[in-house]
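The structure appears below as structure tokens.
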Amino acid sequence: MSRIDQDLQDQWVKQLTAGMKAAIKKANPANVFYTDGVEAVGEKQIGYFEFKSPALDGFLYHLMFFLALEGKMVMGTFACPYAEYEDWREIAFQVMRTVSVTEADKGEEQG
């Protein structure tokens, strides 16, 4: 997971996910896309998509997901050899679905 210096709010997660998917599709039309969507995980909206991409020695399976944290984007990625994706796919989705975000209470003053 990486925190990206790009503004993001929960209500923009769906549009960001669609835009990222379109950019990856445009960058390499050989990629094969599977499921995508937005899931509510706790209080957060998490957008995701999964795809297969060509590599030098075969194919890779990817799961990418996005969420907002304190007004910025967090991007999670998972990749493995496509031959192993059946072993790893559900685990990668479980990692995404167990993301827990605790944001500081900005209204509280230190005393």
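The values are calculated or read from the model by the stated rules, or taken from the named source; none is laboratory data. Treat the numbers as computed from the prediction; the structure is a model and nothing was measured. So basically every Cβ, Gly included, is an ideal-geometry build from the backbone, and we count neighbours across all protein chains shown. SASA here: full protein model, heavy atoms, side chains in, ligands and nucleic acids out. Shrake-Rupley method; radii C 1.70, N 1.55, O 1.52, S 1.80 Å.
For the reader, a short list of remarks on this structure follows.
- Evaluated at q = 0.18, 0.21 Å⁻¹: base-10 log I(q)/I(0), Debye formula over Cα of segment 1-78: -0.71, -0.91
- Solvent exposure of the chain, expressed per residue, is 64 Å² of accessible area, with all protein chains present and a 1.4 angstrom probe.
- Relative contact order (%) - the chain, alpha-carbon pairs under 8 angstrom, separation at least six: 27
- In sequence order, calculated HN-Hα J values of segment 14-25 (Karplus, 6.51, -1.76, 1.60; Hz; x Gly/Pro): 4, 5, 4, 4, 4, x, 5, 4, 4, 5, 5, 5
- Phi-based couplings in Hz for segment 64-77 (Karplus 6.51, -1.76, 1.60; Gly and Pro marked x): 10, 9, 9, 8, 9, 9, 6, x, 10, 8, 10, 10, x, 9
- Carbon-plus-sulfur accessible fraction, the chain (probe radius 1.4 Å, protein heavy atoms only): 52%.
- Compared with the dominant Cα axis of the chain, that is its longest principal axis, helix 85-97 is turned about 10°.
- Magnitude of the charge dipole for the chain, about its Cα centre and with charges confined to Cβ atoms of Lys, Arg (+1) and Asp, Glu (-1), is about 520 debye.
- Prolate/oblate/rounded call for segment 46-96, Cα gyration tensor, a/c under 1.5 rounded: prolate
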